[in-house]
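The next block holds one structure in the form of structure tokens; read it before the comments.
The values are calculated or read from the model by the stated rules, or taken from the named source; none is laboratory data. As the structure is a computational prediction, the values presented were derived from the model and not from experiment. Cβ atoms come from the backbone with ideal geometry, glycine included; neighbour counts cover every protein chain shown. Just the protein is used for accessible areas: all its heavy atoms, side chains included, with ligands, DNA and RNA removed. Shrake-Rupley method; radii C 1.70, N 1.55, O 1.52, S 1.80 Å.
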Number of protein chains: 2
Amino acid sequence: MNYLSQKVLKLRDRLMTKHKTEKRIKKTVKLDKTSGISLWRQIADRLRADMIDLADETGRLPPEPELASLFKVNRLTLRSAVKALVEEGLLSRQQGKGTYIQQKRRLKYPISRRTRFSEGLNNQADQRSVTILDYQQEKALPIICEKLNLSEDAHVVRVETLSIADKMPIVRSTSWFCAKRFKNIGQLIKKHQSVTHAFRLCGVDDYVRQSTEVEARHANEADSRDLKLAPGGLILMTEVINTEINGTVIQYSRSRMAAERITLLIR
Amino acid sequence: MNYLSQKVLKLRDRLMTKHKTEKRIKKTVKLDKTSGISLWRQIADRLRADMIDLADETGRLPPEPELASLFKVNRLTLRSAVKALVEEGLLSRQQGKGTYIQQKRRLKYPISRRTRFSEGLNNQADQRSVTILDYQQEKALPIICEKLNLSEDAHVVRVETLSIADKMPIVRSTSWFCAKRFKNIGQLIKKHQSVTHAFRLCGVDDYVRQSTEVEARHANEADSRDLKLAPGGLILMTEVINTEINGTVIQYSRSRMAAERITLLIR
DNA sequence: CCGAATTTGTTCGTATGTATC
DNA sequence: AGATACATACGAACAAATTCG
């Protein structure tokens, strides 16, 4: 028995055991063969989630034959899964040595009543930037009017942004502002690279989040492209309403965040 | 040209166009054939995300041949995708009539400094319950000690719960409490079906959330089983620290929520 | 430096599932 | 329903790099 067998057996035990009160019936780690998702991808997803528990102190994973038998698949199938994770940059392999976890930390993305994107990620990433992809004045859709407390025929400014940290895209946002009051906010945000700054130039000295909604979804094609997600990637979708201190709604925005690179921190 | 062609063409336009400033190079809605995910499942995932945009006011989707050509696949392939969504309960089909969206509402799950599970879901679900699957006193793992501000060799009470609304599992939680101070909290929670009530009996009249962290992940096998998720399902993972009013940490818990049935509402 | 053990890398052949026409 | 093309999965065997006594 080699040096990791015990550890793997222990993990398998944990994976197979629901609660101590439950009988241990299952003999295998079940994988669904008719789900339309190939075995290697199912294993890649599971490995992505659990690799930290499988690795030893040095970040080394158990050898391929051991992992293969843990998942009850052929070694080549396991290798396909590992290959996908290597291409994602999550693992590295070296012939004769082993397979290692490439540390990839999730950014902590704080959400509080007073968070601004740039402040929140301070000291967590070396390089940060917000790219304004597009801005446009247009007739507001009914749902947007409702969120911004505007009349039916109001116009709004829509601003599309992409936030980047350490060269990886993190958040893809769409924001709406009342066009009457914030006529030039598109140019201002683009010029100063800051919503807070742009607001200040429009006479809004301070603002807070009124509400935030969070959902998890599968990335659609646009998300995958904008956020450079691996196929089958996940996004955290947030819907935010910002108000002035007196309660007037001034911004409604929807963001799609690369779930694999983000932990939301709610305070 | 039938009644929906225009709408579908418009959507295809939207799907294929990134921003107005970008050239329209792409001629097809790209589907990756070597991603380890079969075409029909990729289409099922995309349909799940976008079906509201595709349907008309009555919730009816375009006819199959039209959808098939939108995704550039064979009609049989499209039918496999629709079949999967019918089995998930998201769509219904009737020969000669069409394919319809089955409305499935997400529960709003509020997170604030003073939220309790049972209160939060009030008036949103007819039946709610919290099942205590297991509780156990045990030696605390280092990570748990750290979160609870306990010494290295402390013991904790671990409580496993499953929260259900309208007969569907919503949240699977694991909570840890200091065993010294909350020796009987397992029994108390089980008896009164309420953490708040159990705390009160232990002399904690009031408590607040100190921090909440949220991540999105692929469901692993245990999640899928506990939360009755469809294959490839998503979970929202939250990590919560609760403190007394004076700041003493009294509870650390990790929850895995069925992402498809939940919108987190942060106030 | 040698050789054995360990571990990843590669190549056969075969069977099955997926997608198209 | 049948024919075709390709990706997926398996088993077995061998090659190449690394580690260690």
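Using protein chains only (no ligands, no nucleic acids) and a 1.4 Å probe, work out which residues of region A:235-267 have their accessible area cut by at least 50 Å² relative to the chain alone.
A:Ile266
Just need the relative contact order of region B:42-190 here, percent rounded to a whole number, with Cα pairs under 8 Å and 6+ apart.
About 16 percent, as a whole number.
Using 7 Å Cα-to-Cβ label points, what is the B:Lys183/A:Glu152 separation (nm, one decimal)?
Spacing of the two 7 Å Cα→Cβ label points: 6.8 nm.
Can you give me the % of accessible surface on region A:109-267 that is carbon or sulfur? Probe 1.4 Å, all protein chains present, nothing else counted.
That share works out to 47 percent.
Under the classification rounded if a/c is under 1.5, otherwise prolate if a/b is larger than b/c and oblate if not, where does region A:110-264 fall, given a ≥ b ≥ c as square roots of the Cα gyration tensor eigenvalues?
Prolate, since a/c reaches 1.5 and a/b exceeds b/c.
Taking K and R as +1 and D and E as -1, what net charge do the other residues with C-beta under 9 Å from the C-beta of B:Ser255 add up to?
Net charge in that neighbourhood comes out at +2.
Can you list the distances in nanometres, one decimal and ascending, from the A:Asp206 label point to the identical position in each other copy, with the point 7 Å along Cα to Cβ?
2.4
Taking each residue in A:216-227, count the Cβ atoms of any other chain within 10 Å of its Cβ, then average. What number comes out? Don't skip to the end; give the middle numbers.
Details: counts 17, 7, 12, 3, 6, 11, 7, 1, 2, 3, 2, 0.
The shielding value for this peptide is 6.
Compute, for B:Ser92, the solvent-accessible surface of its heavy atoms (probe 1.4 Å) with the complete set of protein chains present, and express it in square angstrom to the nearest 10.
In the full protein context, B:Ser92 sits at about 40 Å².
To the nearest 20 debye, what is the magnitude of the charge dipole of region A:159-245 about its Cα centre, counting +1 on the Cβ of each Lys and Arg and -1 on the Cβ of each Asp and Glu?
Numbers: 12 positive and 11 negative charges, 84 e Å.
Dipole magnitude for region A:159-245 comes out near 400 debye.
Per-residue Cβ counts within 10 Å, from other chains only, averaged over B:35-41: what number is that?
For peptide B:35-41, the averaged partner shielding equals 6.
Express in Å², to the nearest 10, the accessible area of A:Ser129 obtained by rolling a 1.4 Å probe over the protein heavy atoms while all chains stay in place.
Roll a 1.4 Å probe over it and A:Ser129 shows about 50 Å².
Quick one: buried accessible area between B and A, total over both chains, 1.4 angstrom probe, nearest 100 Å²?
4500
Ordering B:Ile250, B:Ile245 by accessible area with a probe of 1.4 Å, largest first, what comes out?
B:Ile245, B:Ile250
How far is A:Ser151 from the same spot in each other copy, in nm, shortest first, if each label point sits 7 Å from Cα toward Cβ?
List, nearest first: 7.0 nm.
How many angstrom lie between the C-alpha centres of region B:184-220 and region A:141-216?
Measuring centre to centre over Cα atoms gives 37 Å.
Averaged across B:204-213, how many Cβ atoms of other chains sit within 10 Å of each residue's Cβ atom?
Partner-chain Cβ atoms within 10 Å, mean over residues of B:204-213: 2.
Can you pull the percent of Cα pairs in region B:179-267 with separation above 17 Å?
Numbers: 2319 of 3916 pairs.
The answer is 59 percent, as a whole percent.
Can you compute the FRET efficiency between A:Ile245 and A:Ser194 using 1/(1 + (r/R0)^6), with r the Cβ-Cβ distance and R0 = 22 Å? Round to the nearest 0.05. Walk me through the intermediate numbers first.
Numbers: r = 19 Å, r/R0 = 0.86.
The pair A:Ile245/A:Ser194 has a calculated efficiency of 0.70.
Please report which chain B residue places its beta carbon nearest the axis carrying chain B onto chain A, with the distance rounded to a whole angstrom.
B:Ala216, 2
Provide an ascending nm list, one decimal, of label-point separations from B:Asp53 to the equivalent residue in each further copy; define each label point as 7 Å from Cα along Cα→Cβ.
With the label placed 7 Å along Cα→Cβ, B:Asp53 yields 3.7 nm.
Could you do me a favour and compute the accessible area per residue for region A:127-267, 1.4 Å probe, result in Å²? Walk me through the intermediate numbers first.
On the way: 6070 Å² over 141 residues.
Each residue of region A:127-267 exposes 43 Å² on average to a 1.4 Å probe.
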